[in-house]
Every structure is written in C-alpha cells, then in structure tokens.
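Values quoted throughout were computed directly from the atomic coordinates according to the rules given, and no laboratory measurement underlies them. All figures in this text were calculated on a predicted structure; none of them were measured in a lab. Neighbour counts run over all protein chains shown; Cβ positions are idealised from the backbone, glycine included.
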Amino acid sequence: MSKSKFSFFRFLVALLVIAANVAMGAFVYFAWQPRDLSDVDGRDSKVKTAEVVDILEKIQAAKNGLYEVTITEEDLNLYLASKLKLAQSGVIDEYVDVKGVYVDLKPDTMEIIIEREINYVDPSAEKGDDKEAASTIPFLPMDNTVSMKLKIFTTVNEKGETVRVVEFPGGSFGKAPAPGQFVLAVKDSFDQIAKHFSKEVDLAYNQMVRLEIGDGFITLDPRREVKEAAAPAQ
C-alpha cells in the first residue's frame, strides 16, 4: 500500500471515530433531557379515587356482556396512578424518586413511560418541601424519563384467521430515541409493571378477539362475530 493511500485510510478512520464520538455524545446529552409529557392525557389530573374508572371491572363487563369497549388514555393513566406505587431500588434509591408511570397511545402503538426525579440534598440541610432550595448541586433536581414502545395490532392472516401482532420498535431515554437493544437495559422495570397488572393484561390481551389502539384510546372487542351491539348506558 502506498503512503498516500495509507494516509487517506488513517484519515477516514479518524473521521469515523470522531463521528461515532459525536453521535454518542449527542445521544447522552439528549438522553438526560426530559421529554415533554404535556400531551399525555391524565398525567396531571387531580381526581378523587372514587372518580377513577375501574379498568379491570370495565373490561370484564365487556367480556361477559360480549360488547365492544373503549378505554381512553386519560382513564388508563388515572387508573395506573391509583393502583401503582413505585419506588427506586439500588444504591441510588435515596437520590431518585419515581414520579409516575404513564401510557401514551398513538395509532397501533402503546408507549409506556417512567418518569423519575433525580436530586441530591445535603443531609445537614434543613428538611422542607422546597427540594430545589435544599439541593447542593445547581442543576438539580431534574426529571428523567425512559420509555418502551409496544406496537400492537390485529390483522387477518391468509387462512382468514384473526391474529394479533406485537412488535417492539424500541423506546426512548429522555429526548433520545433508542432501538430495542438499548431498551433491554431497563426492561426489568417494565416487566415489574406488567406483572403488577397481570390480570388486566391477560384480560385485555389474551381474552379479547380484537384490540385496536388509536390516538388516545384503546378499543377491545371480545366477539368473534361482530353484530350490532353496544355497551350498556353508564
């Protein structure tokens, strides 16, 4: 190999290394930028427990009565907030609080989001409600989000059978999109959520014939033959 070709090869490798470092740096930066959750329905609603729709009961009634039922994103998130209390575990548990778990529904896609608050408060500081004032690090407290996406849709195969397809397109760390392999690093947190709601998941996923996810809603139908039928008046 001539000297000129070798120099060009070294230059090309250097460019690739720089590009990789820049890409990784950008990913880390955006991963620590909390995403905007203002469009998630039911995240900030303040309602009494009695006003929260019992999702398990609603789905079970639809299955027993053989009628289609629709669950809104707001009702689903209020139900999650009323039934799920998470706490951070591990060596960083005293610096991290789980603020909430939410579901963002888009056509054929369910994105499960975990929001955490990271802070460090000097043990010698006076206790109070103002965490920002008590924090000893300028940029704290800060919010951090991580999410996992599930693409779920019902289709009819070549045999005319109704089948459900589930795909895992990935998720996000903060504002940084992440492929499926990256999300595996935090999959255990999402597995714990699924386990906590195992009855709801089994009823909605395994015992329903049709499952449709739209913009802000999920429609479930237990009927194998669709006829004119409606849910009873609430």
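A few remarks follow.
- Residues whose amide H lies under 5 Å from that of G216, counting only those 5 or more places away or on a different chain, are L105, K106; hydrogens are built 1.01 Å from N in the peptide plane.
- At R0 = 30 Å, FRET efficiency that the Cβ-Cβ distance of R224 and D44 yields, to 0.05: 0.15
- Efficiency of FRET from Cβ geometry, A14 and V98, R₀ 41 Å, rounded to 0.05: 0.45
- Taking 0.36 nm per residue of separation and subtracting the Cα-Cα distance, full extension of the segment from D36 to V186 would add 52.0 nm.
- Separation of segment 97-119 and segment 175-224, taken as the distance between their Cα centroids, equals 12 angstrom.
- Peptide packing for 191-201, 51-61, 213-223 was compared via the average number of neighbouring C-beta atoms within 10 Å per residue; ordered from the highest value, the list is 213-223, 51-61, 191-201.
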